[in-house]
Amino acid sequence: MAQTGAIVAGLAGAVPAGLRESATGRDPARLKQAAQQFEGLLIEQLLRSARGNGEGWLGGGGDAAGGCATDFAEQQLATVLAANGGIGLAGLVVRGLESAAGSSSPKPAGTPGTP
């Protein structure tokens with residue numbers, strides 16, 4: 001689990017500070033939605049890679065319409081998976097960005113740990 005935290009911290013560090021601040025400080029719902037969309041794109045790419053050389057899932061070749069239908073099915077499956085928890089990447093990204101934004105933002109006076 002510590003390794004996952006390091007990966008998320010690395011991802012959070014790659015996000016521009018302005019984007020991190022606007023995503024976490026102003027609208028957590030938008031951050032969650034963006035993280036889910038990112039996870040959906042990643043899952044879609046994984047499915048596309050698993051399909052391989054474009055012969056389809058059953059390896060029977062197929063025509064352009066079949067390829068288009070398969071692409072659409074993969075996209076929808078990825079979107080639904082990501083919206084329902086997916087592989088857990090969206091939650092890790094959200095937590096990583098929130099913790100990175102929390103540690104980089106100044107604490108109000110009177111908060112424990114401030115002078």
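The values are calculated or read from the model by the stated rules, or taken from the named source; none is laboratory data. Being a predicted model, the structure only gives us computed values, none of them experimental. Backbone-built Cβ (ideal geometry, glycine too); neighbour counts: all protein chains shown.
Observations on the model:
- Figure legend. Inter-residue proximity from the range 33-51: first residues assigned to a helix (DSSP H, G or I), second residues among the aromatic types (Phe, Trp, Tyr) and surrounded by fewer than 15 Cβ atoms within 10 Å (Cβ to Cβ), beta-carbon distance below 8 Å, spacing 6+ or different chains. Indicated pairs: Arg51/Trp57.
- Criterion violated by Gly61 - all others in (1) modelled with pLDDT under 85; (2) outside any helix (DSSP H, G or I); (3) surrounded by 14 or more Cβ atoms within 10 Å (Cβ to Cβ); (4) of a type outside the set (Phe, Trp, Tyr) satisfied: (3)
- A Cβ distance below 8 Å, combined with a sequence gap of six or more or placement on separate chains, defines the contacts here; from the range 73-89, residues that are within 10 Å of Gln36 (Cα to Cα) reach residues that are modelled with pLDDT under 95 and of a type in the set (S, T, N, Q) in the pairs Ala82/Gln36; Ala82/Gln37; Ala83/Gln36; Gly86/Gln36.
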